[in-house]
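What follows is one structure encoded as structure tokens, with my remarks underneath.
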Amino acid sequence: MLEELFKEMAQSILDGDDEVAAKLATQALGEGVDPLAAITAGYMLGVNEVGDAFACGDAFLPELVMAGEAMKAAIAVLEPAMKASGVSREILGKVVIATVEGDIHEIGKSLVGTMLTSSGFEVYDLGVDVSTDDLLAKAEEVGADIIGLSALLTTTMSKQKEVIDEVAKRGMKVMVMVGGAPVTKEWVQRIEADGYSEDAIGAVSVAKELMGIFSLNDKAEEN
Amino acid sequence: MQPKIELLTQDLIDRVLDEAFQLMMNPGIKVQYAEARELLASAGCEVDESNDVVRIPESVARKALETVPSEFILYDRDGNPKINYGGDHVHFDPGSSGVSVLDPETLEHKAAYTPDLVRIIKVAEMLPQYDAQSTAVVCNEVPKEIGDFYRLYLVLLHSKKPIVTGAFSNDTLETMIDMLGIFAGSREELAKKPQAIFDVCPSPPLIWSKFGAGNLIELARAGVPAEMVSMPLAGAAAPVTLLGSVVQHAAESISGITIHQLAKAGSPIVWGGAPAIFDMRKGSTPMGAIETAMIDVSYAQVGKSLNIPTHCYLGATESKVVDAQAGLESGMSALVGALAGINMISGAGMLDFLACHSPEKLTIDAEAIGMAKRMLEGVSARTETLATAMFEGINFKGDFLKQRVTRELFSEEQYLPSEVIDRDSIRGWQQAGRMDTFARAKIRTKKLLDEYQRPEMDADKEKELIRMVETLAKKAGMNRLPELE
């Protein structure tokens, strides 16, 4: 019976159905199912399957994004229950992402957020045109490990430097990674960002590296 | 007869416009500039100050559409008319706002600096296929606050062709208009005989930012042509269907025109864009996809139905090197744009989704453009009889090469490509070094650069320009202007 429920949960992710995902989560809580188990044995299997399919070209972004939305819906139902019982799901790290002040481009950033969530990070997406102060306030509030900054205009890129300088000034223990079409390696070095990726998939690897999480593949290459 | 392709029936065009007008009322257009909202409110639009959303009724928009000039001319630095923005006249310019350049030896994408932009300008100046220059790349050693007019300064120093450019802020726009005014004689003279057009971008979906709307108003008042570059990303920042994106393009463009014409009716403005489909595997924006070209052709048809000059971004590629993908994407899309009769086609020379520029690719793309322009010339009856007169005396021998008419007409009938296009025998090709297109392009590019000479310029005007830029550069913390080479 429980197995059936877990299967349905995984399927709701594959189908990208946020309504069904939330419904199943509510049902699970009602039946006394351990919320953490629902995530690890149920929903996460769907997330992993979509992630793998995407990686080998069998699934596409719309499926990935909808899977992410369904996952978010399930977690929204399960998280309060987990908090109440003092349990937390294992996350790779907390990431606050935003498009910098003065810039309203957001697709790339949102994709990074989706990929990070699918990979096991807890993501706080603050949206676009986010002031440095608001950004750092949120990072402090949630205890972020990483701040991710996106800028698409050559004129707003400088805000990335502003954030990094401010983090240093305030002595905050948070790493900053940057991205966006005009961001070049030279720029990243100049502003002393902790990480950088040209695309959303690469961003996940960078985030994992920053958290000191290496995949088995990385270890094999090193040896 | 100029060949033309069309994708939309009149019925579809009507439906696109109808839904665009609907979107302009519901959800409306977000206009993040107070003065623009005031103009729209005075014209009878409902404004919601709490979220900057304006509802623009069709009647208000139609009034604005009526006063848009159906054509205008861009002049070169000597005041000669060079580009006819209107009807089905087709022109090409290099793409702009790249951040890096392709190193022809290492094939790395390096951050662009002053000498790189200068090289691009020189090559584009030497290639007749390019009707206009563009402020092709950002110069990374220059403070961002002066980046836009600094690029324009470099173009003005090295070229006489009309310029496609854009400002990064409302203040620097003023500076750029003043710079052009130096060469035109005054801002009034510039408005009468514009030498440059400024790209202005709405933000998808349905947003005119403070800086975009501000630019529209400034350009309208100065009488300097504005080129709207609406960029729906089908499936990400716009509806996934090509037609859905064309509707979004129309709503953004019509609302932009409304703001623009309310600032000054009759000022020139262009129905332009840089849309793309959204690649669902990589989350990227392929400029070389055939669907991208189809969106361009479609929105251009809508603009033409409204009698407005058109522009698009085609002739580029997502390839990172100048390879077969670069060739086929750039070449095919340039031809499609030309056949659609789009007045200005930007994008040549660019790689990697418009991020990287290459003078060598510019040289190769010039050939595709030459071919496209030859296609537009169509077939002409240049001789009194189409063929029969030429058969006199032929007597079943293929001796047409000996005919006088062959000598007289071959260069009109045939586009004569440069040595970048190989038509040699295999023996000849081997003897010449077995070079591929890129290798031949490197040689030709170097030759063009060696042959380039700075056009003659009024010494006083040049001094005034340099002084203006030096002063503003100092204010931004740059005490010496970078070396040009």
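The values are calculated or read from the model by the stated rules, or taken from the named source; none is laboratory data. Just so it is clear, the model here is predicted, and its values are computed rather than measured. Every residue, glycine among them, receives a Cβ derived from its backbone with ideal geometry; neighbour counts consider all protein chains shown. Each accessible area value is taken on the protein alone, full model and side chains, heavy atoms only, with ligands, DNA and RNA left out. Shrake-Rupley method; radii C 1.70, N 1.55, O 1.52, S 1.80 Å.
Worth a mention:
- Apportionment of accessible area to carbon and sulfur, chain B, percent (1.4 Å): 53
- Volume per residue of the C-alpha convex hull in chain B, rounded to whole Å³: 173
- Two-site FRET efficiency, B:M468 against A:S88, from Cβ-Cβ distance with R₀ of 56 Å, rounded to 0.05: 0.40
- Charge-dipole axis of the protein assembly as shown as Lys and Arg at +1 and Asp and Glu at -1 on Cβ define it, positive-most pick from A:V33, B:T385, B:S209: B:T385
- The stretch B:439-485 versus the stretch A:170-217: alpha-carbon centroid distance in Å: 36
- Volume in Å³ per residue [convex hull over Cα atoms, computed for the stretch A:2-84]: 73
- For chain B, a crude dipole built from +1 on the beta carbon of Lys and Arg and -1 on the beta carbon of Asp and Glu, taken about the Cα centre, is about 680 debye to the nearest 20.
- Listed residues B:I290, B:G86, B:Y452: farthest to the positive end of the dipole of the protein assembly as shown (Cβ charges): B:Y452
- Summed over qualifying helices (DSSP H, 4 residues or more, each -39500 (n - 2.57)) and divided by its residue number, chain A shows a 222 nm mean residue ellipticity of -17000 deg cm²/dmol.
- A 1.4 Å probe over all protein chains sorts A:D58, B:D458, B:D365 by accessible area into A:D58, B:D458, B:D365, starting with the largest.
- Positive-end extreme of charge dipole, the stretch B:212-366 - chosen from B:V321, B:M344, B:I277 (charges on Cβ): B:M344
- Using the 1.4 Å probe convention, the accessible area of the protein assembly as shown works out to 44 Å² per residue with neighbouring protein chains retained.
- Point-charge dipole on Cβ atoms (K/R +1, D/E -1) for chain A, about Cα centre, debye to 20: 580
- Based on Cα contacts under 8 Å between residues 6+ apart, chain A shows a relative contact order of 16 percent.
- The rule of thumb for compact globular proteins, 2.2 N^0.38 Å, goes into the C-alpha radius of gyration of the stretch B:61-168 1.23 times.
- 0 to 90° range, to nearest 10: angle between helix A:200-210 axis and chain A longest Cα axis: 80
- The accessible area of B:R467, taken with all protein chains in place and a 1.4 Å probe, comes to roughly 140 Å².
- Packing-based ranking, highest mean first, of B:288-298, B:345-355 given that Cβ atoms within 10 Å are counted: B:345-355, B:288-298
- Test item: B:148-158 mean partner chain Cβ contacts at 10 Å: 0
- Largest-first ellipsoid semi-axes for the stretch A:94-222, taking √(5λ) over the Cα gyration tensor eigenvalues, angstrom: 21, 16, 15
- A 1.4 Å probe, protein heavy atoms only, puts the accessible area of B:T9 near 80 Å².
- Per residue, the convex hull spanned by the alpha carbons of chain A comes to 137 Å³.
- When accessible surface is computed with a 1.4 Å probe, chains A and B are found to bury approximately 1500 Å² between them, both chains counted.
- Fraction of antiparallel bridges per DSSP, the protein assembly as shown only, in percent to nearest 5: 25
- In degrees, nearest ten, helix B:324-339 long axis to first principal axis of chain B (Cα): 70
- Phi-based couplings in Hz for the stretch B:165-179 (Karplus 6.51, -1.76, 1.60; Gly and Pro marked x): 9, x, 9, 9, 8, 6, 5, 5, 4, 4, 4, 5, 5, 5, 4
- For the stretch B:21-74 versus the stretch B:99-178, the spacing of their alpha-carbon centroids is 32 Å.
- Each Lys and Arg Cβ is given +1 and each Asp and Glu Cβ -1; about its Cα centre, the protein assembly as shown then shows a dipole of about 2100 debye.
- Shielded by partner chains, the stretch B:257-282 residues - at least 50 Å² of accessible area, 1.4 Å probe, vs chain alone: B:M280, B:R281
- Column: log10 I(q)/I(0), Debye, Cα scatterers of the protein assembly as shown, q = 0.06, 0.11 Å⁻¹: -0.40, -1.22
- Estimated inter-spin distance, A:E31 and B:E6, nm [label 7 Å along Cα→Cβ]: 6.1
- Under the simplified labelling scheme, the B:L481-B:E141 pair shows an inter-label distance of 1.4 nm, with each label point 7 Å from Cα along Cα→Cβ.
- Between the stretch B:218-248 and the stretch B:351-383, the alpha-carbon center distance in angstrom: 25
- Unit Cα scatterers, Debye sum, the stretch B:285-358: log10 I(q)/I(0) for q = 0.15, 0.21 Å⁻¹: -0.44, -0.78
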